[in-house]
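Notes for the one structure printed next.
The values are calculated or read from the model by the stated rules, or taken from the named source; none is laboratory data. This is a predicted model, so every value here is computed, not measured. Methodologically, a virtual Cβ is constructed for each residue, glycine included, from the backbone with ideal geometry; neighbour enumeration extends over all protein chains shown.
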Amino acid sequence: MEKFAVDINGFYGEFGGAYIPEILYDNVETLKNSYLKVINDPSFQKEYNDLLRDYVGRPSPLYLANRLSEKYGCKIYLKREDLNHTGSHKINNAIGQILLARRMGKTRIIAETGAGQHGVATATVCALMNMQCIVYMGKTDVERQKLNVQKMEMLGATVVPVTSGNMTLKDATNEAIRDWCCNPSDTYYVIGSTVGPHPYPDMVARLQSVISDEIRRQLKEKEGRETPDYVMACVGGGSNAAGTIFHFIDEPGVKIVLAEAAGKGIDTGESAATIHLGKLGIIHGSKTLIMQSEDGQIEEPYSISAGLDYPGIGPMHACMAKAGRSRVLAVTDDEAMQAAFELTKLEGIIPAIESAHALGALDKMSFKADDVVVLCLSGRGDKDMETYINYAP
Ligand SMILES: Cc1ncc(COP(=O)(O)O)c(C=O)c1O
């Protein structure tokens with residue numbers, strides 16, 4: 001990762017940085033100065049990799065989806081993050097950050113969650129490591145991702161429903177930051193995506209980079225080469241996408257295609273298509289593209305998918321999209337839902353609605369018969385069953 005690596009001040013080109021209240025300065029500074037040392041330490045790496053193998057079930061399979069491949073006229077491999085313990089890629093990051101928090105002497109863990117997958121992953125690791133866990137979640141998401149709320153509570157976490165704004169991920173993040181400001185000494189904030197102040201975007205990308213590390217090895221075994229023609233992923237804040245592309249960014253032969261949530265359509269005023277619609281601003285400690293009004297007020301995002309319903313975007317993705325290194329497609333609710341039903345019918349896999357946005361992008365592309373495509377299936381659809389059952393196009 002040379003060209004799009006974060007710089008010493010936490011910037012990816014003009015995006016990123018650490019815009020934080022004074023009270024959090026010491027916390028963020030300590031984290032910034034220690035995260036690379038800790039995560040590169042051989043004893044940390046051993047503990048982290050042992051848990052990824054024995055607790056999460058990694059490596060996740062790289063599955064050649066034959067019937068899906070036939071439909072789109074190329075060779076499509078699915079990176080099965082849906083098969084991880086707790087059902088998505090979020091556990092890779094939660095384990096890494098909570099191991100780090102423990103080494104920093106923190107005893108209280110807080111997190112924000114949208115779809116509930118990051119909340120469940122965090123609550124799971126807190127149970128495993130006997131740490132107190134508080135998860136902030138917008139009330140809208142508490143209702144549409146009920147199963148995950150029940151799981152977090154069973155795991156011993158306190159779930160705090162947030163009633164400000166449109167009661168989704170942005171609002172949950174605001175509350176988590178507020179909590180952190182009130183409890184800076186004993187509390188570690190586990191951010192669930194490549195967002196927030198530096199060093200979070202880089203740290204989360206590194207903790208998710210196991211995804212592309214495995215893809216390289218698995219492709220070598222299956223195709224005789226380590227690099228595909230395309231890598232594809234959905235992008236909310238950008239963590240599964242960052243992990244999927246991490247070890248391919250400096251390979252010009254690998255095309256990067258990301259799918260963001262167009263909601264009811266990017267021109268309808270009801271979407272979360274931040275890269276298409278966003279303008280430069282600061283949100284949750286980071287300078288990035290944000291959906292905002294003419295006078296700089298954040299516009300409430302909308303997506304059927306709780307995990308993509310965010311008005312900002314990780315600074316790394318803003319930078320890569322602006323530079324033309326990634327191509328970002330906007331996929332509507334309906335397109336994602338159709339793609340989810342299609343995968344279920346063709347391959348017997350019910351995806352998370354977030355991941356279904358990446359699948360929905362397939363229809364907007366044209367492939368050659370010998371193209372090798374790796375698409376990150378970031379999560380499973382259990383949490384979304386009610387939405388699938390009640391869906392009427
Ligand atoms: C299954 C799944 N995929 C994707 C996302 C989006 O997050 P990110 O862009 O950080 O991968 C979420 C968020 O909750 C999720 O649960």
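Things worth noting here:
- The one condition from (1) on the phi < 0 side of the Ramachandran plot; (2) within 20 Å of the chain's Cα centre (by Cα); (3) among the aliphatic types (A, V, I, L, M) that A157 does not meet is (2).
- Leading residue by the ranking (farthest from S88 (Cα to Cα)) among those in the range 344-355 that are surrounded by fewer than 24 Cβ atoms within 10 Å (Cβ to Cβ) and within 16 Å of the ligand (Cβ to nearest atom): T344
- Lone qualifier among M316, M320 - being within 12 Å of the ligand (Cβ to nearest atom), under 30 Å from K287 (Cα atoms) and crowded, with 21+ Cβ neighbours inside 10 Å: M316
- Within the range 246-266, tally of residues that are over 16 Å from I304 (Cα atoms) and more than 16 Å from the ligand (Cβ to nearest atom): 9
One line per residue, one yes/no per condition, for (1) part of a helix (DSSP H, G or I); (2) crowded, with 22+ Cβ neighbours inside 10 Å; (3) of a type in the set (S, T, Y):
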residue: D54; (1), (2), (3): yes, no, no
residue: E70; (1), (2), (3): yes, no, no
residue: K79; (1), (2), (3): no, yes, no
residue: T86; (1), (2), (3): no, yes, yes
residue: N92; (1), (2), (3): yes, yes, no
residue: Q97; (1), (2), (3): yes, yes, no
residue: L100; (1), (2), (3): yes, no, no
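- Reported count of residues in the range 188-221, each being surrounded by 21 or more Cβ atoms within 10 Å (Cβ to Cβ) and more than 17 Å from the chain's Cα centre (by Cα), is 2.
- Where helices (runs of 4 or more DSSP H) sit wholly within the range 296-393, those with at least 2 residues that are under 17 Å from the mean Cα position of the chain (by Cα) and not hydroxyl-bearing (S, T, Y) occupy 315-322, 353-361.
- For the range 136-150, the set of residues classified as at pLDDT 95 or above and over 20 Å from the mean Cα position of the chain (by Cα) consists of K139, Q150, listed by residue number.
- Any chance L64 is surrounded by 20 or more Cβ atoms within 10 Å (Cβ to Cβ) and away from the ligand (no atom under 16 Å from the Cβ): no
- Residues that are in a helix (DSSP H, G or I) and either surrounded by fewer than 21 Cβ atoms within 10 Å (Cβ to Cβ) or within 15 Å of the chain's Cα centre (by Cα) (or both) within the range 246-264 comprise just one, F246.
- Scanning the range 322-365 for residues that are free of Cβ contacts under 8 Å to residues at least 40 places away in the same chain and polar (S, T, N, Q) yields one hit, T344.
- Residue satisfying all of: in the range 224-245; near the ligand (Cβ under 7 Å from one of its atoms) and assigned to a helix (DSSP H, G or I); surrounded by the fewest Cβ atoms within 10 Å (Cβ to Cβ) among these: S239
- Residue count for the range 168-217, restricted to those that are more than 16 Å from the ligand (Cβ to nearest atom) and out of contact with any helix residue (DSSP H, G or I) (no Cβ under 7 Å at 6 or more places or on another chain): 11
- Filtering the range 135-144 for residues that are closer than 28 Å to Q45 by Cβ, outside the structural domain of L219 (by the TED database) and assigned to a helix (DSSP H, G or I) leaves an empty set.
- Matching residues in the range 88-141 - criterion: being small (G, A, S) and within 11 Å of the ligand (Cβ to nearest atom): S88, G114, A115, G116, G119, A121
- Residues of the range 368-393 classified as hydrophobic (A, V, I, L, M, F, W, C), surrounded by fewer than 21 Cβ atoms within 10 Å (Cβ to Cβ) and under 20 Å from Q338 (Cα atoms), total: 3
- Hey, V328 closer than 18 Å to L64 by Cβ and either in contact with a helix residue (DSSP H, G or I) (Cβ under 8 Å, 6 or more places away or on another chain) or surrounded by fewer than 17 Cβ atoms within 10 Å (Cβ to Cβ) (or both) or not: no
- Check on C126, in a helix (DSSP H, G or I), without any contact (Cβ under 8 Å) to a residue 60 or more places away in the chain and crowded, with 24+ Cβ neighbours inside 10 Å: yes
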